[in-house]
1. So which residues in region 146-170 are buried (at least 16 other Cβ atoms within 10 Å of the Cβ) and of a type in the set (S, T, Y), if there are any at all?
2. Those residues that are part of a strand (DSSP E or B) and surrounded by 14 or more Cβ atoms within 10 Å (Cβ to Cβ), I need them from region 455-469; list them, please.
3. Residues that are in a loop (DSSP other than H, G, I, E, B), in the same structural domain as L322 (by the TED database) and closer than 25 Å to K280 by Cβ: does region 442-454 have at least one?
4. Tally up the residues in region 47-74 that are assigned to a strand (DSSP E or B) and buried (at least 16 other Cβ atoms within 10 Å of the Cβ), please.
5. Which count do you get for residues in region 423-447 that are touching a strand residue (DSSP E or B) at 6+ places or on another chain (Cβ under 6 Å), open to solvent by 30 Å² or more (accessible area, probe 1.4 Å) and not β-branched (V, I, T)?
6. Could you check, for region 399-417, whether at least one of its residues is farther than 25 Å from Y361 by Cβ, touching a residue at least 12 places away in the same chain (Cβ under 8 Å) and assigned to a strand (DSSP E or B)?
7. Return the residues of region 171-194 that are closer than 17 Å to W232 by Cβ and modelled with pLDDT under 95; say none if nothing qualifies.
8. From the residues in region 90-134 that are over 28 Å from N183 (Cα atoms) and part of a strand (DSSP E or B), which one is modelled with the lowest pLDDT?
Amino acid sequence: MGTVHARSLDPMPMQGPELGVQADDIEAPGVEREPKQEVLKNKDVVVQQVHIDGLGRTKEDLLTYEIAEVFRAKNLIDVMRKSHEARQKLLRLGIFRKVEVIIDTARGEHALPNGLDVTFEVTELRRLTGSYNTMVGNNEGSMVLGLKLPNVLGRAEKLTFQFSYGTKETSYGLSFFKPQPGNFERNVSINAYKVTGQFPWSSLRETDRGISTEISFPVWKTNQTLKWEGVWRELGCLANTASFAVREESGHSLKSSLSHAMVIDTRNSSILPKKGGLLKIHQELAGFTGGDACFLKEDFEIQLNKKLFWDSVLSASLWGGLLLPLGDEKTSIADRFYLGGPTSIRGFSMYSMGPQSDGDYLGGEAYWAGGLHLYTPLPFRPGRGGFGDLFRTHFFLNAGNLCNLNYGEGPQAHLKKLAECLRWSYGLGIVLRLGNIARLELNYCIPMGVQSGDRICDGVQFGAGIRFL
């Protein structure tokens, strides 16, 4: 039997999808079953040895977990499939630049007639790598410089330093990441950072200096994250015209919080999905482990996507959140929710609805927002099969509300207040997908239900970001 290169099983290049092309957009070609393949599939084989060539600083015990399934293969097709899966796991560790697989007949004194040897030829990443890129946030952009020490201790650990300079935020931080051997989804990370942000809708400047520890792990179909964070926060005014309510919030505070996040994500894309759903629930408890801030914060996100006729997609989203102060102190402007803008309730200015003082928006302790979208291809589908597939037209209907609650009242009073003074908008526009990184929207919006103090963007509105209602 000759040498078999398992990398021929790859349906796509390992460098990742090209701009705008998603794995779910590519239909795998049908494999015509041949008699020879049937013979190979039915022939029993034994994987006698697995070699890993090219290791330098990587510990072999880490890789044992990733290649263990190869030994359980029963026939040649199974060996190729499990070798391919092992290759994917090795690349996922983020410590190899290249991994190739060679399957050959067993050699040596103890070789069996149906024995196979599998060799993984790996090329490790350099000890120090650098990166430069741009990043798109919610209606803001930034330049990011990074230094990374991959595989720093030999078991897929990663030490990263990152500096980001953006239109509204500047930050730098140091993080250490360590996965559990044999279960990459279970990992621990430790972070130290400083972030300075400007929030013109509130005439506020905030500087955070903090440390955090996160533990992530899967449970059934969910991804769970437990986090502790300690932050020294410094709030100040952006301008001399800041309202008294914002000036009153200025100063230093210390927040120590415990948080939990649960995510179920079955979407084929996080930016412009065609199918699947998302459920995200986040809870944060501050003050239990010390600090000045003392509150309980809950928020959630739900999204459902359904593919319809003519390559159109119907998408429905619902967001909601509640901030409950614990003790006599009122909540901070830095912890409240904000709503409005091209990434949430379109037709309103960025975070410019709800409680405000002299034109400065103070945020709210409760909110909800819902959206209904119909995405369709461009009329007459120009550039179909190429650049034109990055664009979609969409028709949208958004609604929501943001307010403060009197927690001495019952749940019915809270629901009634959230239903009052409903803001909503509708319109249509064009969406441009930037790979699976971000998306741009150019919409014509008609805001409705505008309340006193709200700032609107009636007509054309541009939005850029990674998270849209």
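The values are calculated or read from the model by the stated rules, or taken from the named source; none is laboratory data. From a predicted model like this one, the values you see are computed outputs, not experimental measurements. Heads up, the Cβs are rebuilt from the backbone with ideal geometry, glycines too, and the neighbour counts pull from every protein chain shown. In case anyone asks, the SASA skips ligands and DNA or RNA and just uses the protein heavy atoms, side chains included. Shrake-Rupley method; radii C 1.70, N 1.55, O 1.52, S 1.80 Å.
1. Hits for region 146-170 are T160, S164, T170.
2. Of the residues in region 455-469, the ones part of a strand (DSSP E or B) are 456, 459-465.
Those that are part of a strand (DSSP E or B) and surrounded by 14 or more Cβ atoms within 10 Å (Cβ to Cβ): I456, Q461, G463, A464, G465.
3. There is no residue in region 442-454 that is in a loop (DSSP other than H, G, I, E, B), in the same structural domain as L322 (by the TED database) and closer than 25 Å to K280 by Cβ.
4. Start the filter on region 47-74 by keeping residues that are assigned to a strand (DSSP E or B), which leaves 47-53.
So of that shortlist, the ones also buried (at least 16 other Cβ atoms within 10 Å of the Cβ) come out as 47-48, 50, 52.
So the answer is 4.
5. Going through region 423-447 one residue at a time, the tally reaches 7.
6. no
7. Once the filter is applied, which keeps residues that are closer than 17 Å to W232 by Cβ and modelled with pLDDT under 95, region 171-194 yields S171, Y172.
8. For region 90-134, the residue satisfying everything is T134.
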